[in-house]
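Below is one structure, written out as structure tokens; the observations come after it.
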Amino acid sequence: DSWVDEVWVVSCPAAKQQARLISRNSLKPEDAAKRLASQMSLEERVGKADVVIDNGGTLTIATIQALAAIRKPRW
């Protein structure tokens, strides 16, 4: 995060994140849980973020958030 001007994080509830990982990567639930546990926690990522996009809902909602963040002047 020290190499960039901004850090953007796309967040998602843990249960939904695990379900998506299982579906997308054909993982067993325990393997998906291990993979998620090996990563920085959502709380840590959000704590480092300048912009957070909530991806726990629909694609439309996430897209609206991303477009609003892109359009927001920051400098």
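A single entry from I22, I64 fulfils the requirement of being outside any loop (DSSP other than H, G, I, E, B) and open to solvent by 100 Å² or more (accessible area, probe 1.4 Å): I64. Got a sec? Which of V10, V46 is out of contact with any helix residue (DSSP H, G or I) (no Cβ under 9 Å at 6 or more places or on another chain), open to solvent by 50 Å² or more (accessible area, probe 1.4 Å) and without any contact (Cβ under 8 Å) to a residue 60 or more places away in the chain? Sole residue among the options that is out of contact with any helix residue (DSSP H, G or I) (no Cβ under 9 Å at 6 or more places or on another chain), open to solvent by 50 Å² or more (accessible area, probe 1.4 Å) and without any contact (Cβ under 8 Å) to a residue 60 or more places away in the chain: V46. So, of the residues in segment 26-43 that are among the hydroxyl-bearing types (S, T, Y) and open to solvent by 70 Å² or more (accessible area, probe 1.4 Å), which turns out to be nearest to D1 (Cα to Cα)? The qualifying residue nearest to D1 (Cα to Cα) is S38.
The values are calculated or read from the model by the stated rules, or taken from the named source; none is laboratory data. Small disclaimer: the values here were computed from a predicted structure and weren't measured. Cβ: placed from backbone, ideal geometry, glycine included. Neighbour counts: every protein chain shown. Note: areas computed on protein heavy atoms with side chains; ligands, DNA, RNA excluded. Shrake-Rupley method; radii C 1.70, N 1.55, O 1.52, S 1.80 Å.
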